[in-house]
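Trainee: I'd like to ask you about the structure that follows.
The values are calculated or read from the model by the stated rules, or taken from the named source; none is laboratory data. Just so it is clear, the structure is predicted and the values come from calculations on it, not from any experiment. Here the Cβ is made from the backbone with ideal geometry for all residues, glycine too, and neighbour counts use every protein chain on show.
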Amino acid sequence: MQNFSKAINFFTSKPTIPQAKLVELDGNLFEQRTQNQLLRTQIGPYLAGLIEGDGTIAVHDLNSSQAFKKYSPKIIVVFKKSDLPLAKFLQKISQCGQVLNKPERGYVLWQIQDIVSVFTILSIVNGFMRTPKIEALNRAINWLNDYIIANTTNTKKLLPRTKEILSKISKLDIKPLDFSPIEDNGWLSGFTDADGNFSINIHKRTNKISTRVQLYYRLENNQNYHKADIEGNISFFPIMSKIGLFLGVNVYSRSRLIKDKIYYSFIVISHNKESNSKVCNYFNKYPLLSSKHLDFKDWAYILNIKNSNKITTGPSLYLDTAIKIRTNFNKTRTTFSWDHLFINNYYFNSSSNIGY
Ligand SMILES: [Ca+2]
């Protein structure tokens, strides 16, 4: 993973991780595991968070033998269209799946559906999940393990394609939820790239000349996952509460009526000096990889001015900067830089992964 220094060469260069060649079964399995192991230590927690926020792991019901034969599990991650470089990046480093650009619908999909690639992604994120979505991960692992058992205990001759798949995958353990502290890994960056945002609110006070700038980091997720995990958990409350405790803020519950259906969500918002400073420290340590990284950088820049300058009301450099930054921020952003992905990528700088 050393050749990350040249962004321009990135997409034209040879794959960073070559596909394992089909050689001696044991030797090949070893090679595949080593590659997945490396990716695990680099982006395991980040990718788990991203998939838990904006990804789907689809597995057909094992009870239907027809479906078991026909459909292998599928992983789909949704990105907003400006995050196409991130989708391509993840596809490239993992050599898994394909990126489908749907500009007319305003989003990009990273779709992983061949068995070896699904196995690769599951091995990278297994053990780093923190939400009830672990239920889908575990079903996909069971599917793969059953696939291996069904084909290796089979006496009839295997198709060359099946043999090739079997040489590249191995059984995976069902691992529990990751209960390690939030600040221990990059999971929250992946989850925030999916479901978080940074905002700069400028309030003009009526009848007064004063103007106030407020900075928020906000994370919102559905209250419940649609299926219970093996322990019967479906609620996102435990993880949202853990994030709230980490930032020192409350968890809010919100309900919205959209087309006769009520949607319930949990929200965590950092809004004061202490919580915003926690947010800053975390995302400086474990950087975001989507274009939200740029929003965070601008947001943190304003926060820094705010903290170094006691006067936060009235016309000031601070207010002017906040107003200026907001013209190219979040949805209004027109300038994108991907240096954080291709040049100074924290997760792929080997020295930064010590103790990960
Ligand atoms: Ca989401």
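For every residue, the table says whether it meets (1) out of contact with any helix residue (DSSP H, G or I) (no Cβ under 7 Å at 6 or more places or on another chain); (2) of a type in the set (Phe, Trp, Tyr); (3) under 30 Å from residue 304 (Cβ atoms).
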position	(1), (2), (3)
125	no, no, no
151	no, no, no
157	yes, no, no
182	no, no, yes
197	no, no, yes
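Trainee: Only one of 72, 94, 82, 117 is at pLDDT below 90, away from the ligand (no atom under 16 Å from the Cβ) and not charged (D, E, K, R). Can you tell me which?
Mentor: 72
Trainee: Please work out which residue is farthest from the chain's Cα centre (by Cα), limiting yourself to the stretch 308-348 and to residues that are loosely packed, with under 15 Cβ neighbours inside 10 Å, modelled with pLDDT of 75 or more and outside any helix (DSSP H, G or I).
Mentor: 327
Trainee: For the structure I just gave you, tell me whether residue 53 is in contact with a strand residue (DSSP E or B) (Cβ under 9 Å, 6 or more places away or on another chain), within 16 Å of the ligand (Cβ to nearest atom) and in a helix (DSSP H, G or I).
Mentor: yes
Trainee: I've got another one for you. How many residues does the stretch 185-216 contain that are in contact (Cβ under 8 Å) with a residue 40 or more places away in the chain and either surrounded by fewer than 15 Cβ atoms within 10 Å (Cβ to Cβ) or away from the ligand (no atom under 16 Å from the Cβ) (or both)?
Mentor: 14
Trainee: In addition: Within the bounds of the stretch 169-179, is there any residue that is modelled with pLDDT under 95, surrounded by 12 or more Cβ atoms within 10 Å (Cβ to Cβ) and touching a Pro at 6+ places or on another chain (Cβ under 7 Å)?
Mentor: No, because not a single residue in the stretch 169-179 is modelled with pLDDT under 95, surrounded by 12 or more Cβ atoms within 10 Å (Cβ to Cβ) and touching a Pro at 6+ places or on another chain (Cβ under 7 Å).
Trainee: May I pose another question? Does residue 275 count as surrounded by 18 or more Cβ atoms within 10 Å (Cβ to Cβ), touching an Asp or Glu at 6+ places or on another chain (Cβ under 8 Å) and of a type in the set (Gly, Ala, Ser)?
Mentor: no
Trainee: State which residue is farthest from residue 264 (Cα to Cα) when the search covers only the stretch 219-233 and only residues that are buried (at least 17 other Cβ atoms within 10 Å of the Cβ) and more than 13 Å from the ligand (Cβ to nearest atom).
Mentor: 229
One line per residue, one yes/no per condition, for (1) on the phi < 0 side of the Ramachandran plot; (2) touching a helix residue (DSSP H, G or I) at 6+ places or on another chain (Cβ under 7 Å); (3) free of Cβ contacts under 8 Å to residues at least 12 places away in the same chain:
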| site | (1), (2), (3) |
| --- | --- |
| 255 | yes, no, yes |
| 259 | no, no, yes |
| 262 | yes, no, yes |
| 265 | yes, no, no |
| 274 | yes, no, no |
| 279 | yes, yes, no |
| 282 | yes, yes, no |
| 288 | yes, yes, no |
| 292 | yes, yes, no |
